[in-house]
1. Would you mind telling me which numbered condition in (1) assigned to a loop (DSSP other than H, G, I, E, B); (2) touching a Cys at 6+ places or on another chain (Cβ under 8 Å) A:GLY21 fails?
2. Between A:ILE450, A:ILE459, A:ILE397, which is under 30 Å from A:TYR250 (Cα atoms) and touching a residue at least 40 places away in the same chain (Cβ under 8 Å)?
3. Taking A:ALA423, is it more than 8 Å from chain B (Cβ to nearest Cβ) and out of contact with any Gly (no Cβ under 6 Å at 6 or more places or on another chain)?
4. Could you list, in sequence order, all residues of the range B:216-226 that are within 12 Å of the chain's Cα centre (by Cα) and more than 8 Å from chain A (Cβ to nearest Cβ)?
5. Is there a residue in the range A:199-215 that is of a type in the set (Phe, Trp, Tyr), surrounded by fewer than 24 Cβ atoms within 10 Å (Cβ to Cβ), assigned to a helix (DSSP H, G or I) and at pLDDT 80 or above?
6. I'm checking my understanding of the structure. Among residues of the range B:32-45 that are crowded, with 21+ Cβ neighbours inside 10 Å and at the interface with chain A (Cβ under 8 Å from one of its Cβ atoms), which one is farthest from A:ARG285 (Cα to Cα)?
7. Going residue by residue through the range B:276-290, is there one that turns out to be at pLDDT 85 or above, buried (at least 19 other Cβ atoms within 10 Å of the Cβ) and more than 20 Å from the chain's Cα centre (by Cα)?
Amino acid sequence: MSLVERVFGRHAVGWWFAGPGLLMLVTWQIAPIIIAGFMSVHRWKPIRDRYLGLQHYTDLLGEWGPGILFFVCLSLLIAGVWLFGQPAKALSERFRRWLIAVILMIGGGASLWARNFLLDAIALFPTLTEKREIRDFKRSTFENWRGEEVEQMTLVAGSANQFGLYAALFFVAAALVALLPWGRLPRWCNRLAGAAIVLLASVALALAWQRMLIAGSNDFLASLINTLFYSVGTVFTQIMIGLIIAFGLYRRIRGDGLFRYLIFLPYITPAVAMATVFSVIFRERSSGLMNRILDIFGVEPMKWLSNETPIMQAWFGLEWAGLAGGPTIGLITVIFFGVWSYAGYNAVILLAGLTSIPKDLYEAAEIDGASRWQAFTKITLPLLSPVIFFLALTGLIGTFQAFNHTFVMFEQTGGRNESLVVASIFVFQELRSGDFGAAASMGVLLFFLILLITAAQFILAGRRLNSDL
Amino acid sequence: MSNTETSDRFESGDILRYAILGLAGFLSLVPFVYMLLLSGMNQYEAINASTWIPKTFLFENFETAWAYGKFWLYAINTVVVTLFSTLGQVVFCALAGYAFASIPFKGKRMAFLLLLITLMVPEAVLITPTFTVIKGQIFGIAILNILTLTLIATAATLLLYAVLSVYATVTARQIPVWPLTFVGLVAFVGMLLLAGVVNRDFGGVLSEELWPPKTLLNTYQVMILPIIGNAYSIFLFRQFFIQLPDELWQAARLEGANHLQYFVRVVVPLSVPAFSTIGVLAFIWSWNSYAWPILTQTGADPKFTLSVGLRELSDDYIGHIPAQMAGAVIVVLPVMVAYSMAVRQFTQSLARVGIK
């Protein structure tokens, strides 16, 4: 027994070692979350003022109903997808039955709720002109509506009323049926319940989102959408490209050390400097590098970073706004930068995953007459899935907090291209404008969103995960 | 890496491989080359893109960037912040990683869960409360100053201990390591306290505004403290240390070594790749930090880092692309040097973490 153990007891050694590091984590990364919660229920501009309750949150999300419904529906969506993929034997019979029943019940409640929201939204329609922020929304959505269309809307309202009621009844009935003492429920019960839940949760999600747009903070919700586009676009693309590069590096060829050096280089260079370079490359003058390259191919020069055209409009001429319109060209330019700087990192980690797959598996597949594509889909992808999961998880968390390069590029447009404002930039601006309470509440909401996304990834793909992580 | 057989035989797939790698390497390199080319051009060439390569490489742009504001001062600030945060992060995260890898203790699972949760916390959540804390609105600045002092003292103790015990091993002499460390620590803390109490006697070295600070705005420690504790680094270190065979520890224990001795004399020498990897990573993270310095270094006498300096430069020279690019080169170059020194270990050890 060493001296430390003798004085402080057997478990003290570990704490002495882990203590300083954990202390720093707790003081600078755990405690601030609690402080953020405390700050978000106060008026704090920029010093502590009176207690406000949850007003910051209702300012952001509109009302309580849609906000809660939003999070509930997201969870339901995850549960539905999970249930859909569950094999019949995976869970104990009784647990599964109750689970299906409970989820169905929640689905019934949600559809009733969604029906009410739809009715409310329609009842709200004539009075929409009263609130200033609503006017923009109205202009985009209800602009061309005339009297007969309002009548149609009433008809829609009537059918929505009935549909919601029937859906709720169906759900309750299904829940009761699921609870009856049948024999073993077959797998299609899982599938059916899962699919129904996914469908209804999506509809309710869309409705809740519309309601949040009407009454909540449009800018914040728009920044969430931008974050979503940025995260999904970057993570998906960089894993795909990383996979291709990893294939290139898989066999040791002459000069692969140099290639490895070059490909990994973007990951380690300071994002602030390189984002400045990128905004010069993608500048809107015809003398920018990207526009000169386009010129070689005979394409007209484009505005890149400062371009606020959604992709659906730029490519297909569809004038959709918000989520349906897709990311703007400016945001896609930012995604280019994200992919450029992280693809190499993804490639190196995927390469390690590739090399850890035993070679004799491929030889056996070859003997059995499998094609290369079959070998890829049946051997490589399943065995690589823990690595891909790790990259997707860390990538999503990382892109959700992406700040440096997005902020640089946003400032390079003179702060005018609002479609580049991702959530972290929005929080930063709110903080600099002096409204600490609002900034804290946005942070807390973001934290819950990330928790939900992480939980979803673990539930949907986590069972393949190496337990060592 | 298991695919070590470098074969000279040319396979049919190799053309495709070279094509992929060539394209990827080229695309990775283009922005750097473009940056270098632009940094040597004059205004006319850069804006009108009359040439690809500057006629004469103008070093004036670098002089403009370097002389702008106080770029040399920004460089010193960046070096101070980077040095101390990297050092602190490597020391404390290595210790914590070792504890999670090889010491059984009560509450380990819970602490590890805490660590995993910390991995998920976005900076946007932290930035508001942390900023409020360092402005002294949640609790007094004194607590943060005490925290800083404790950390410095701990780091000093560990470094002293490590140096002394390595010295004892190398010279094969019996040295009372712990008592000497203790004496050194007391002397060190005494010196700090002395500096805090009678700071005027130290002239300008430790002036009143430096220690003890009344506010943490515009100080070095505000940029250093928040990035010392890093869950990712702890996690990486754990992944490395967990691969060391347990027999080593058993043998060391039979010799009468405790965990700290084992750590300093066996684990650290065996884990040089881990330390250099995480050192470089910490270096890069600290060098790249942006939002936090912008926020905390304001008003009179800010201690801008190079990244923030580049932002100011881009703001003031908004049309002067060559000067901006020269500034970018100044920011990028040290990181590229650091990376080039550790590149081999770097990619390999990062790869190891992904699959574990």
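The values are calculated or read from the model by the stated rules, or taken from the named source; none is laboratory data. As the structure is a prediction and not an experimental result, all values here were calculated from the model. Neighbour counts are summed over all protein chains in view; Cβ atoms, including those assigned to glycine, are modelled from backbone coordinates with ideal geometry.
1. (1)
2. It is A:ILE397.
3. Criteria not met by A:ALA423.
4. Within the range B:216-226, B:MET223, B:ILE224 qualify.
5. No: the range A:199-215 contains no residue that is of a type in the set (Phe, Trp, Tyr), surrounded by fewer than 24 Cβ atoms within 10 Å (Cβ to Cβ), assigned to a helix (DSSP H, G or I) and at pLDDT 80 or above.
6. B:MET35
7. no
Per-residue answers, yes or no, for (1) closer than 21 Å to B:VAL30 by Cβ; (2) among the small types (Gly, Ala, Ser); (3) in contact with a helix residue (DSSP H, G or I) (Cβ under 6 Å, 6 or more places away or on another chain):
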| site | (1), (2), (3) |
| --- | --- |
| A:MET290 | yes, no, yes |
| A:ILE293 | yes, no, no |
| A:ILE296 | yes, no, no |
| A:PRO301 | yes, no, yes |
| A:TRP315 | no, no, no |
| A:LEU323 | no, no, yes |
| A:GLY326 | no, yes, yes |
| A:PHE336 | yes, no, no |
| A:TRP340 | yes, no, yes |
